[in-house]
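Novice: Provided herewith is a single structure, encoded as structure tokens, for subsequent inquiry.
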Amino acid sequence: MTKIRFETHRCKGCGLCVLFCPRKNLRLSDSLNEQGLSYPEEIDPDGCTGCGLCFRMCPDTAIEVQSPKKDNQDKQ
Amino acid sequence: MAVFKRTPILKDQLTHYCPGCGHGIAHRLVAEVIDELGIRERTIGTAPVGCAVLLYNYFNCDVIECAHGRSPAVATGIKRVQPDKIVFTYQGDGDLAAIGTAETIHAANRGENITVIFVNNAIYGMTGGQMAPTTMLGQVTTTTQHGRGGQGEGPPIKVCELLSTLGGVCYLERTAVSTPKDVMNAKRAIKKAFQNQIDGKGFSLVEVLSMCPTDWKLSPAQSVDFVNEKMKPVFPLGVYKDQ
Amino acid sequence: MAEAAIQAGCRFFAGYPITPQNEVPEYMSWRMPQAGGVFIQAESEVAAINMIFGASAAGARCMTSSSSPGISLKQEGISYIAAAELPCVIANMQRGGPGLGNIRASQGDYFQAVKSGGHGDYHLIVVAPATLQELYTLTMNAFDWADYYRNPVMILGDGILGQMAEPVEILPYQPILEIPEKDYILTGCRGRLSRVIKTLILDPADGLVRHNEHLQEKYKRIESEISLCEEYQTADAELVVTGFGVTGRIAKAAVRKARKKGLAVGWIRPITLWPFPKQAYQEAVRAASKMLVVEMNHGQMIEDVKLATECAVPTEFMGKGGGWYPDEKSILDKIESMIKQPAAAAKGRVS
């Protein structure tokens, strides 16, 4: 079961995760975090494949993804 | 079970970087590499002058903050005194390729066994968007208001190409953090640059083309396009030296 | 000086060639590796002082040497090292200035050395040896002071001292201070919290104000603990002659001759220029009615002499920059002309 967790207080609302989600399953929220910024949320709670691209593009390490896939981070 | 989460060496601290700034991604990659290589407890980093000056607030390892451009000389001093430690510099384009050009070239040519992470966003970020040595021809900055190239400013300095002629250099690669694929590749390069040092191979530098939405006056999404469409043709990605 | 540094445990030297101090890096280039240390011929003075910054941060006893124009280039790094409270020893074998000047001896960098030559409020401990034996001893002491106070120490010599030959007894290093363990150096954070060495202090709660206050407290402590000078027959002197480094040495020869002629002349030479031996000067002029300051510049240390003595007696100056140096006879002539003047008249002229 893929789980994606947003540390919304870390988010600066840059939207790179939204831009690079291959399933287009992320959007910026209407509500705002403590800093007054939008943060990402899933459109379809079951739509995440756990690919981790959002994590890779997030400049603020505000996203954590747990995925059943065996691939682990960017290890080469 | 694959887990994507913040690596331990990165402190919980929120960064001061602007939304969409590439420094955050570059920081994460360096941090992950240090953790994966298990070298945190023998790593000493240098913080530059520029946007990354507060690097020590984010990395849980020993860090020394250097004068503008002097990181390669400071790193030389540290590494020569403690050859068993892993010493890396993290520098921007102004720091490494303008005020610190001499220190960069000579540390490289001496073959200092250090790892240099060079973040190139073609602009001075911290001081508010002035021309950098890597600002591209035609690029508008606060000190090239009609685009670089009009008034004796010269073309951008290409650091990897420049350093590739030096005998002391072990490894040079230009990478980017503007697409997930580039990010993964940048991490591979950074890991190689640290591994080279562990193996005693000498001077390794990884250039990272990075976004600066605030000073480019673009959105984060437009900034990604700027790197991919404007910067990559001028600064081609790839390995420039690998010995 | 180079051998004294090695004897004192200096194991890192970075420098850049400049006359008249090339003998130091040349000696270090072969001697340092022999002693198991590191010698680097840097690409510039700027790089050299920053290598020292790194080497000191990594815990090594380290040193750089240069001459006037090169020391100007080092000022950026010196300010950072002073701000970060890292120990190191910097030698300046002064030459004629300003600008490229010439390669003759000079004392034109006094102000730069003792008034913090770079940006910000800081002090170097500054010593001015007059003989090669003293240079040898002070170099070893300099490493102890640097480590003990966590402060850069400058050895302010000149082209004469840098180039002369005289017998030196190579004494073994004897620590003059007990150096506490360096708990601030960067060694990788194994088994401890990570450390940061930095000079940017943005703390909104007046962090930089407090850091400056801390530095000033340290400087006050150094002022109360270090103060070296050499005196000769000041107790009954009508005229006290002073000068630092080799100028002081030449002046002493003139004063000896004056004494032989029966003139009531005394002599004082500061060994530490910062802290300036104020009290010794106050005491030296107690019996005197006038002073003569001799320098190889146009009047720099004379300001500290006047401050130290609070202009208690008329103070005359003899000196020139650009490579001029005083000889015994001209100082003796000056002494004779001053001593023939009635003190009261001289006093009246100044006040």
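Each reported figure results from applying straightforward, stated rules to the coordinates on display, with no laboratory input. As the structure is a prediction and not an experimental result, all values here were calculated from the model. Glycine gets a Cβ as well: all are built from the backbone with ideal geometry, and neighbour counts include every protein chain shown.
Novice: Ordered by residue, what ³J(HN,Hα) values in Hz, to whole numbers, does segment C:243-251 give under the Karplus form 6.51 cos²θ - 1.76 cosθ + 1.60, where θ = phi - 60° and Gly and Pro are x?
Specialist: Result, rounded to whole Hz: x, 10, x, 5, 4, x, 5, 5, 4.
Novice: So what's chain B giving for Cα Rg divided by 2.2 N^0.38 Å, two decimals? Numbers along the way, then the final one.
Specialist: Working: Rg = 16.6 Å, N = 243, 2.2 N^0.38 = 17.7 Å.
Scaled against compact globular proteins, the figure is 0.94.
Novice: What residue among B:LEU29, B:LEU96, B:LEU14 shows peak mean-square fluctuation when chain B is described by a Gaussian network model with Cα springs under 10 Å?
Specialist: B:LEU14
Novice: Which listed residue (B:HIS27, B:THR76, B:ILE64) has the Cα farthest towards the positive end of the charge dipole for segment B:23-242, taking +1 on Lys and Arg C-beta and -1 on Asp and Glu C-beta about the Cα centre?
Specialist: About the Cα centre, the residue reaching furthest to the positive side is B:THR76.
Novice: Between B:LEU209, B:LEU172, B:LEU54, find the one with the highest GNM mean-square fluctuation for chain B; connect C-alpha pairs within less than 10 Å.
Specialist: B:LEU54
Novice: Would you tally the net charge around C:GLU303, using a Cβ to Cβ cut-off of less than 11 Å, leaving C:GLU303 out, and scoring K and R as +1, D and E as -1? Don't skip to the end; give the middle numbers.
Specialist: Working: positive: C:LYS115, C:LYS306; negative: C:GLU295, C:ASP304.
Here the count lands on 0.
Novice: Can I ask one more? What is the packing order of peptides A:60-68, B:119-127, B:230-238, taking the mean over residues of other C-beta atoms within 10 Å and listing the highest first? Could the numbers behind the result be given before it?
Specialist: Numbers: A:60-68: 20.9, B:119-127: 24.1, B:230-238: 15.7.
Order by mean packing, descending: B:119-127, A:60-68, B:230-238.
Novice: First measure r as the distance between the Cβ atoms of C:CYS311 and C:SER337, then evaluate 1/(1 + (r/R0)^6) with R0 = 22 Å and state the FRET efficiency to the nearest 0.05.
Specialist: Numbers: r = 21 Å, r/R0 = 0.95.
After rounding to 0.05, the efficiency reads 0.55.
Novice: With label points built 7 Å along Cα→Cβ from the Cα atoms of B:THR101 and C:ASP236, find their separation and express it in nm.
Specialist: According to this spin-label approximation, the distance is 6.9 nm.
Novice: Using only the Cα atoms of segment B:133-243, what are the Rg and Dmax in Å?
Specialist: Taking only Cα atoms of segment B:133-243, I get Rg and Dmax of 15.5, 47 Å.
Novice: How much of the pair distance distribution for segment C:230-350 lies past 25 Å, counting alpha-carbon pairs only, in percent?
Specialist: On the way: 862 of 7260 pairs.
Looking at segment C:230-350, the distances longer than 25 Å represent 12 percent of pairs.
Novice: Taking the mean number of other Cβ atoms within 10 Å as a proxy for protection, how do you rank C:143-151, B:197-205 from highest to lowest?
Specialist: Per-residue mean Cβ counts within 10 Å order the peptides as C:143-151, B:197-205.
Novice: What Rg and what Dmax come out for the protein assembly as shown when only alpha-carbon atoms are used, in angstroms?
Specialist: 29.8, 106
Novice: Mind checking C:37-47 for the average number of partner chain beta-carbons within 10 Å of each residue's beta-carbon?
Specialist: Details: counts 2, 6, 1, 7, 2, 7, 9, 4, 0, 8, 12.
Mean shielding by partner chains, rounded to a whole number: 5.
Novice: Right, here's the next one. If you take each beta carbon of peptide C:4-17 and count the beta carbons of other chains within 10 angstrom, what is the mean? Display every interim value, and only then the final one.
Specialist: Details: counts 0, 0, 0, 0, 0, 0, 0, 2, 3, 0, 4, 0, 0, 0.
Across the residues of C:4-17, the mean count of other-chain Cβ atoms within 10 Å is 1.
Novice: Just grab the label-to-label distance for B:THR142 and B:GLN13, each label 7 Å out from Cα along the Cβ direction, in nm (one decimal).
Specialist: In this crude label model, B:THR142 to B:GLN13 measures out at 2.4 nm.
Novice: Okay, next question. When 1/r is averaged over all different Cα pairs and the result inverted, which Kirkwood radius in Å belongs to chain C?
Specialist: Working: mean 1/r = 0.0477 Å⁻¹.
This gives a value of 21.0 Å.
Novice: Let me ask something additional. Using the crude model of +1 on Lys and Arg Cβ and -1 on Asp and Glu Cβ, and no other charge, please compute the dipole size for segment C:230-350 relative to its Cα centre, in debye to 20. Walk me through the numbers before you get to the answer.
Specialist: Working: 18 positive and 14 negative charges, 71 e Å.
About 340 debye.
Novice: Quickly estimate the mean residue ellipticity at 222 nm for the protein assembly as shown, helices only: each DSSP H run with n ≥ 4 gives -39500 (n - 2.57), and the total goes over all residues, rounded to 500.
Specialist: Values: 22 runs with 227 residues, N = 670.
Taken over the protein assembly as shown, the calculation gives -10000 deg cm²/dmol.
Novice: Is there a simple number for the mean count of other chain Cβ atoms within 10 Å of the Cβ of residues in C:194-205, and what is it?
Specialist: On the way: counts 13, 6, 11, 10, 10, 4, 6, 0, 3, 0, 0, 0.
Average per residue, whole number: 5.
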